[in-house]
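Okay, so here's the structure we're looking at.
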Amino acid sequence: LGYLHCKRPEGIDPQTPLVLAPGLSMTDSSDPTPRIQQYSNSRDALIAAALDCIVTTDAEGRVVEFNPAAQSTFGFTREEILGRDLGELILPPEQRGAHRSGLERFQRDHRSAIIGQRLHLEALRKSGERFPVELTVTAYINADGGQEFTAYIRDLTERELERTRREEVASQLAQVTE
């Protein structure tokens, strides 16, 4: 197996993580098509099997990948959401402006306050229900040379409910022992 050797594209902040396709060598003289297809099939299987939501957008924020966990969590089918603006569908209205500004800033100077960070915020289901999520975003250049962002989203609803239950029990115990 080889490695994809590449030069960081001009203007990309050295702190911005880039995701490369392991096992592919562009210097190998043999036809890389079977290896690219194998990598693509493996990647698709991993995305489909992931328990967390994996959502990929293009540089303008349009959805290009929406895995089964995301479909289950957000209530959109893949067909409903592909090609649509992610921010308009799963972000609460008060977060949409910051999302749009962040995309524009990244396109302009390749800097972001959220890429590579673990954030806790609210998201929207198709039904309009707000729920807590943990979000991590990566930015990379895809095989066609276009900018993409992948969001890894974990629904924290059950975790928050459990925390609330524990706090209620602790409060009740404190009242009983007073």
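The values are calculated or read from the model by the stated rules, or taken from the named source; none is laboratory data. Everything numeric here is computed off the predicted structure, so don't read it as measured data. Using ideal geometry, Cβ is built from the backbone for each residue, glycine included, and neighbour counts are taken over all protein chains shown. For accessibility, only protein heavy atoms count, side chains too; no ligands or nucleic acids. Shrake-Rupley method; radii C 1.70, N 1.55, O 1.52, S 1.80 Å.
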(request) Write out, first by first residue and then by second, each pair whose Cβ atoms fall under 7 Å of each other, whose residues are 6+ apart or on separate chains, and whose first residue, in region 71-84, is surrounded by 13 or more Cβ atoms within 10 Å (Cβ to Cβ) while the second is of a type in the set (A, V, I, L, M, F, W, C) and part of a helix (DSSP H, G or I). (result) F74/I90; F76/L89; I81/L89
(message) Quick check on region 55-70: of everything there that is in a strand (DSSP E or B) and open to solvent by less than 20 Å² (accessible area, probe 1.4 Å), which residue is nearest to V133 (Cα to Cα)?
(response) V55
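Can you say whether T136 is of a type in the set (S, T, Y), in contact with a Ser or Thr (Cβ under 7 Å, 6 or more places away or on another chain) and under 16 Å from G61 (Cα atoms), as far as the supplied structure shows? Show your work before the answer.
Details: of a type in the set (S, T, Y): yes; in contact with a Ser or Thr (Cβ under 7 Å, 6 or more places away or on another chain): no; under 16 Å from G61 (Cα atoms): yes.
Here the answer is no, as T136 does not meet what is asked.
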(message) Going residue by residue through region 97-118, is there one that turns out to be under 27 Å from A45 (Cβ atoms), more than 16 Å from the chain's Cα centre (by Cα) and surrounded by fewer than 18 Cβ atoms within 10 Å (Cβ to Cβ)?
(response) no
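Which strands (runs of 3 or more DSSP E) sit wholly inside region 89-178 and have at least 1 residues that are without any contact (Cβ under 8 Å) to a residue 40 or more places away in the chain and in contact with a helix residue (DSSP H, G or I) (Cβ under 9 Å, 6 or more places away or on another chain)?
Working: elements: 119-124, 130-141, 147-155.
Passing ranges, in order: 119-124, 130-141.
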